[in-house]
Amino acid sequence: MNASALLLRDQKTPPQITLSEGVLALKGDLLISTIESLDLRQSAGDTIDLSGVGQFDTAAAWAVVTLERRLQRAGVSPVITGANASQLDMISTLRQNMPEGDAPKLPRLTIVDRLENIGRATVSAMQTALSMVAFLGRVVATIVGLILRPTRIRGTAIVHHMQQVGLSAVPIVALMAFLIGVVLAFQGAAQLRQFGAEVFVVDLIAISILRELGILLTAIIVAGRSGSAFTAAIGAMKMREEIDAMRTLGIDPIEVLVAPRVIALIVMLPVLGVIANFAGLFGGMVMSWIELGVAPGVFQARLLSNTDVWHFGVGMIKAPFFALIIGIVGCFEGMQVGGDTESLGRLTSTSVVVTIFLVITADAMFSIFFSIVGV
Amino acid sequence: MAEPPIISVRGLVTRFGNHTIHDGLDLDVRKGEIIGIVGGSGTGKSVLLRAVVGLLKPAAGQITVFGENVRDTGVADYRRLRRRWGVMFQDGALFSSLSVQQNVEAPMREQLDLSPQTRAALAAIKVRMVGLPENALQKMPSELSGGMRKRAGFARAIALDPEIVFLDEPTAGLDPIGAAEFDALTAQLRRTLGLTVFLVTHDLDTLHAICDRIAVLAEGRVLATGTMAQMLEVDHPWVQAYFKGPRARAALIQKEAS
Ligand SMILES: Nc1ncnc2c1ncn2[C@@H]1O[C@H](COP(=O)(O)OP(=O)(O)OP(=O)(O)O)[C@@H](O)[C@H]1O
Ligand SMILES: [Mg+2]
């Protein structure tokens, strides 16, 4: 018997409303799941009769009060009959808690509103840029402070992050650079063979990998891997008020969270860049051998004799700057996370997009700079 | 013959790793009652609640709600069961990317086929019923105070007028007036909706004011169940300390005065 008794609420009589001689009679089970089949747009009647009602919940009371208000607007004050004490109790609770009138509608956007939104978005983008610069300043100041007082440096944290951003990224970075070297050799060979200048493929690979592609693509991969991880980690801490807790304990979150990450990146990105350079050259060498018959020995000799060491230098000079961009943007966006999970997701993807954009912009500026100074 | 219990827990064992939280716990909840679950911090009250609503798989034991097993049911049955209870978690557990109104509408949206107007109207009522101001409807959870988040969580738990509500420390972090209002609201909903309330609490005032029965959790099982008066008779040091300590006396005096 117990199961049937307990499942009783599943069997419902559909609610009905009938009007006869000024009495609006409600019948059946009035429940949130069935309430919408009731037509509440009644405008006549001076009595609401609930004596035929079975089950009754807050949605039912809402229906009764809606009905009552509607009739009142039509000029009658209806009497409620046939309700038991708990139903009356519920109805009066609803009367107190039901806002007057219909739910407010959201205003439509006018052209002026849209213009205003554009303006606001522009101003806030500029403010974000400004505060990012301020953040950069604070981080650099903190790092300089740490260098002056090395006892405060958190060695364990730095090593941990070096492993995360550096060591664990080696396989993917090396593989990516190797493949880029292969692609360059392959494409270069197809063109150079037409002029019988196959051997120049070495210069092509060496210059493009050492100067540009090695470090740029490494930076992009690290931005996607570690920049987003920084944002997510710091953002989650921000969301759970851990950052506020640190501040109240007198711990500077920049010193504890941001500085180790940025330092680890500045150390590790050049290392990853060197690995990418080797892997890229190796890929190019393998492909030149297979495709063009340039023997590894010839490749190596030409590489050493013809490639200015400055090509390598130019690539490496850029590495710490890219590292700074990745670290600063990743941590900054993490600090912007508010209390909701959505902002965490949004800012994590913003962080990656902004980082890659800034890295490529910086790369373009370096190109201009190096061509002016002539290296 | 007495009505069968609406929630019945038999021989529940829960473990995290090799840390046993419950060790052969038995508990019955009767239909229409407000049962207060008390116990020291970390005795597994929240874990018990999670096990009863099927969020956590016990290592052993049987849990039935409405006469149905909560773990070994099909997806459709579990869905139907779930519709008949509402849960309020210890820290509100509002969906942080939805506004309060959307949070309260969420169960209606998932379970029923209501028009947006009806949904909005019912959500507005529920939010007012739990004592939140009207402008809270459009706020995001991160813009609310801790107590307001609790209330919004309660509004979401009662959105579908469930038959059982599980409340995890609903009055912790509320001001005394707000806590008393919360108690009154729970009692009123019980009266009008015939709710059964599974209430985890440390609040002695709540226990005095609205609980029909109290179950004391300690040492991995239910140490005692009974009314407040019966609790005072239980001969166990922790129970004695809990119900006869200075705070308990203050709550008792207050109750007698009113
Ligand atoms: N996900 C989990 N993993 C491991 N251990 C857990 C987990 N959740 C809870 N515990 C452990 O279970 C025990 C009981 O936790 P529970 O949250 O139920 O306590 P509680 O009785 O609700 O306490 P409080 O009154 O402080 O809320 C604690 O010892 C806790 O460490
Ligand atoms: Mg708990």
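The values are calculated or read from the model by the stated rules, or taken from the named source; none is laboratory data. Being a predicted model, the structure only gives us computed values, none of them experimental. Every residue, glycine as well, gets a Cβ built from its backbone with ideal geometry; the counts of neighbours run over all protein chains shown. With ligands, DNA and RNA removed, areas are computed over all heavy atoms of the protein, side chains included. Shrake-Rupley method; radii C 1.70, N 1.55, O 1.52, S 1.80 Å.
Those strands (runs of 3 or more DSSP E) of the range B:145-258 in which at least 1 residues are open to solvent by 10 Å² or more (accessible area, probe 1.4 Å) and modelled with pLDDT of 85 or more, considering only elements entirely within it, cover B:213-218, B:221-226. Only one of the listed residues (B:70, B:65) is in contact (Cβ under 8 Å) with a residue 24 or more places away in the chain and more than 16 Å from ligand 2 (Cβ to nearest atom). That residue is B:65.
Here residue B:59 passes the criteria (1) at negative phi; (2) touching a residue at least 12 places away in the same chain (Cβ under 8 Å); (3) within 16 Å of ligand 2 (Cβ to nearest atom) except the one numbered (3). Under the condition of being within 20 Å of residue B:111 (Cβ to Cβ) and either assigned to a loop (DSSP other than H, G, I, E, B) or modelled with pLDDT under 80 (or both), the residues counted in the range A:14-29 number 2. Kindly indicate whether residue A:343 is assigned to a helix (DSSP H, G or I) and within 14 Å of chain B (Cβ to nearest Cβ). Yes. Confirm whether residue B:77 is within 13 Å of ligand 1 (Cβ to nearest atom), within 14 Å of another protein chain (Cβ to nearest Cβ) and open to solvent by 10 Å² or more (accessible area, probe 1.4 Å). Answer is no for this residue. Can you name every residue in the range B:28-46 that is within 16 Å of ligand 2 (Cβ to nearest atom) and in contact with a Ser or Thr (Cβ under 6 Å, 6 or more places away or on another chain)? Within the range B:28-46, just B:36 meets the criteria. Here the range B:187-229 is the region considered, the condition is being of a type in the set (Gly, Ala, Ser) and within 16 Å of ligand 1 (Cβ to nearest atom), and the residue that is nearest to the other protein chains (Cβ to nearest Cβ) is B:215. What do you reckon, is residue B:6 within 14 Å of another protein chain (Cβ to nearest Cβ) and touching a strand residue (DSSP E or B) at 6+ places or on another chain (Cβ under 6 Å)? In short, yes. Check the range A:269-289 and report whether any residue there is open to solvent by 60 Å² or more (accessible area, probe 1.4 Å), within 30 Å of residue A:328 (Cβ to Cβ) and in a helix (DSSP H, G or I). So far as the range A:269-289 goes, yes, one or more of its residues are open to solvent by 60 Å² or more (accessible area, probe 1.4 Å), within 30 Å of residue A:328 (Cβ to Cβ) and in a helix (DSSP H, G or I).
Against the test of being closer than 25 Å to residue B:210 by Cβ and within 14 Å of chain A (Cβ to nearest Cβ), the options B:45, B:31 yield a single qualifying residue, B:31. Just the residues that are acidic (Asp, Glu) and within 22 Å of residue A:340 (Cα to Cα), please, taken from the range B:112-166. Scanning the range B:112-166 gives B:134, B:143.
The residue of the range B:84-126 that is surrounded by the fewest Cβ atoms within 10 Å (Cβ to Cβ), among those that are in contact with a Ser or Thr (Cβ under 9 Å, 6 or more places away or on another chain) and either basic (Lys, Arg) or within 7 Å of chain A (Cβ to nearest Cβ) (or both), is B:97.
Of all residues in the range B:62-74, those being away from every other protein chain (no Cβ under 14 Å), surrounded by 14 or more Cβ atoms within 10 Å (Cβ to Cβ) and not basic (Lys, Arg) number 2.
Scan the range A:11-28 and tell me whether some residue there is facing another protein chain (nearest Cβ under 10 Å) and either on the phi < 0 side of the Ramachandran plot or open to solvent by 50 Å² or more (accessible area, probe 1.4 Å) (or both). No, the conditions are met nowhere in the range A:11-28.
Return yes or no: is residue A:234 open to solvent by 50 Å² or more (accessible area, probe 1.4 Å), part of a helix (DSSP H, G or I) and assigned by TED's automatic domain parsing to the domain that holds residue A:167? For residue A:234, the condition - open to solvent by 50 Å² or more (accessible area, probe 1.4 Å), part of a helix (DSSP H, G or I) and assigned by TED's automatic domain parsing to the domain that holds residue A:167 - is not met. Only one of the numbered conditions (1) assigned to a loop (DSSP other than H, G, I, E, B); (2) without any contact (Cβ under 8 Å) to a residue 24 or more places away in the chain; (3) assigned by TED's automatic domain parsing to the domain that holds residue A:40 is not met by residue A:72, and that is (1).
Considering the range A:117-164, the residues that are of a type in the set (S, T, N, Q) and more than 21 Å from the chain's Cα centre (by Cα) include one that is surrounded by the most Cβ atoms within 10 Å (Cβ to Cβ), namely A:142.
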